[in-house]
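S.K.: Next up is a structure, given as structure tokens.
Every number in this text was worked out from the coordinates using simple rules, so none of it is lab data. Keep in mind that this is a model prediction, so the values were computed, not measured. Neighbour counts are summed over all protein chains in view; Cβ atoms, including those assigned to glycine, are modelled from backbone coordinates with ideal geometry.
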Amino acid sequence: MIHLQEHQEENGLLWLSAYELNSGGAVHGFSTRLGGVSHGCLASLNLGTGRGDDIENVRENFRRFGVAVGFDSKKTVFSKQVHRDDIRMVTAKDCGKGLYREREYEADGLITDVPGVTLAVFSADCIPILLHDPIRHVVAGCHAGWRGTVMDIVGKTVRTMVRQYGCRAENICGAIGPGISRCCFETHADVPEALEAVLGSRAKGLIDRLPDGKFLVDLKGANALWLQDAGVPMHQIEISDACTFCRQDLFWSHRHTGNARGIMSAVIQLI
Ligand SMILES: [Zn+2]
């Protein structure tokens with residue numbers, strides 16, 4: 001676990017970046033809730049179009065995030081997250097889908113090899129994961145809640161990068177971003193049982209049993225395990241120590257506020 005690099009802009013916008021993805025060839029960032037124009041429970045950097053916000057606020061927030069990180073918000077391509085493992089291979093034709101146009105697809109994972117196209121995934125407790133192959137010049141973004149984690153969406157994304165884009169897994173660098181962490185992701189037996197069904201005895205190291213019969217589960221650790229299984233070297237995987245539930249001053253947490261909240265985005269773009 002590592003503390004991601006923090007970047008504070010003059011307008012107050014705060015965003016995070018991973019050292020592992022800063023090797024050149026791509027720009028990326030994880031947003032916080034700070035530095036936007038939205039109001040109320042969406043204050044202030046809400047980046048979701050499905051949160052009841054004025055679309056012009058969301059566009060302005062994305063524009064600001066883009067200026068800070070170094071991407072053109074008009075060329076973003078949004079995931080459409082349904083807690084499954086469908087992965088979309090994104091091309092320039094998709095630019096604007098989500099923020100300026102309808103999305104005709106459902107996808108919790110996005111991949112592209114087109115420079116200038118910005119992939120955007122969304123989370124407010126779930127785990128955002130960004131990937132970059134600096135040799136074949138391919139980037140990807142995933143949204144992994146506990147269901148997507150059990151379905152190994154991140155491993156499927158790596159294998160799609162290998163199969164469809166000619167990447168080698170050992171060249172891929174990954175960042176597992178801010179999300180609800182082991183300290184706060186309290187569950188009933190369904191989550192640990194589902195993880196044990198797919199990870200076997202290896203799931204034990206990701207689960208704490210509480211005295212009241214509930215559990216604490218490490219979704220970030222599970223996704224790191226899947227990345228290694230897919231062939232990504234551990235030393236190229238960076239795991240954010242930021243817990244969205246612990247740090248409500250910086251992040252929205254669905255666990256904490258339910259639906260009265262905005263949403264953060266993790267973005268990556270080849271340059
Ligand atoms: Zn926590």
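S.K.: When the C-alpha atoms of the chain are aligned to their principal axes, what extent does each axis show, in angstrom, from largest down?
M.R.: Result for the chain: principal-axis Cα extents of 47, 45, 34 Å.
S.K.: Cα atoms only: what Rg and Dmax, in Å, come out for the range 170-271?
M.R.: Considering the range 170-271 through its Cα atoms, Rg and Dmax are 15.1, 50 Å.
S.K.: Ok, one more. Please report the spacing between the Cα centers of the range 129-201 and the range 1-38 in Å, no decimals.
M.R.: 20 Å
S.K.: Hey, another quick one. For the residues Lys220, Lys93, Lys74, what sequence is obtained by ranking on other C-beta atoms within 10 Å, fewest first?
M.R.: The order, fewest Cβ neighbours first, is Lys93, Lys74, Lys220.
S.K.: With unit charges on the beta carbon (Lys/Arg positive, Asp/Glu negative), name the residue among Leu45, Val82, His3 whose Cα is farthest towards the positive pole of the charge dipole of the range 1-84.
M.R.: Val82
S.K.: Okay, next question. Compute the whole-percent fraction of alpha carbon pairs in the range 190-245 spaced more than 18 Å apart.
M.R.: When all Cα pairs of the range 190-245 are counted, 40 percent exceed 18 Å.
S.K.: Which whole DSSP H helices in the chain pass both tests: a Cα extent of 18 Å or more along the axis and a mean Kyte-Doolittle value no lower than -1.0?
M.R.: Qualifying helices, which must be both long enough and hydrophobic enough, are 55-69.
S.K.: Turning to a different aspect of this structure: Compute the distribution of all C-alpha to C-alpha distances in the range 11-50, in bins of 10 Å from 0, and list the percent of pairs in each, rounded to whole numbers.
M.R.: Cα pair-distance distribution for the range 11-50, in percent: 27, 41, 25, 6.
S.K.: Take Leu195, Leu13, Leu45, Leu250 and order them by how many other Cβ atoms sit within 10 Å, fewest up front.
M.R.: By the 10 Å Cβ count, ascending: Leu250, Leu13, Leu195, Leu45.
S.K.: Suppose every Lys and Arg Cβ carries +1 and every Asp and Glu Cβ carries -1, with no other charges. What dipole size does the chain come out with about its Cα centre, to the nearest 20 debye?
M.R.: Computed charge dipole of the chain: roughly 420 debye.
S.K.: Normalise the Debye intensity by I(0) for the range 57-142, one equal point scatterer per Cα, no solvent, then take log10 at q = 0.19, 0.20, 0.23, 0.25 Å⁻¹ and round to two decimals.
M.R.: Taken in order of the listed q values, log10 I(q)/I(0) reads -0.85, -0.95, -1.24, -1.42.
S.K.: Same structure again: To the nearest whole percent, what portion of all C-alpha pairs in the range 1-129 is separated by more than 22 angstrom?
M.R.: Looking at the range 1-129, the distances longer than 22 Å represent 35 percent of pairs.
S.K.: Sticking with this structure for a sec: Between Asp86 and Cys246, what is the label-point separation in nm under the 7 Å Cα-to-beta-carbon projection?
M.R.: 3.6 nm
S.K.: Here is a further query. So if I place +1 on the C-beta of Lys and Arg and -1 on the C-beta of Asp and Glu, and nothing else carries charge, what would the dipole magnitude of the range 1-138 be about its Cα centre? I want it in debye, nearest 20.
M.R.: 280 debye
S.K.: Within a 10 angstrom radius of the beta carbon, how do His256, His235, His132, His143 rank from fewest other beta carbons to most?
M.R.: Listing His256, His235, His132, His143 from fewest to most nearby Cβ atoms yields His235, His256, His143, His132.
S.K.: May I pose another question? Of Ala203, Ala189, Val162, which is farthest towards the positive pole of the range 136-256's charge dipole, taken about the Cα centre with +1 and -1 on the beta-carbons of Lys, Arg and Asp, Glu respectively?
M.R.: Positive-end residue among those listed: Val162.
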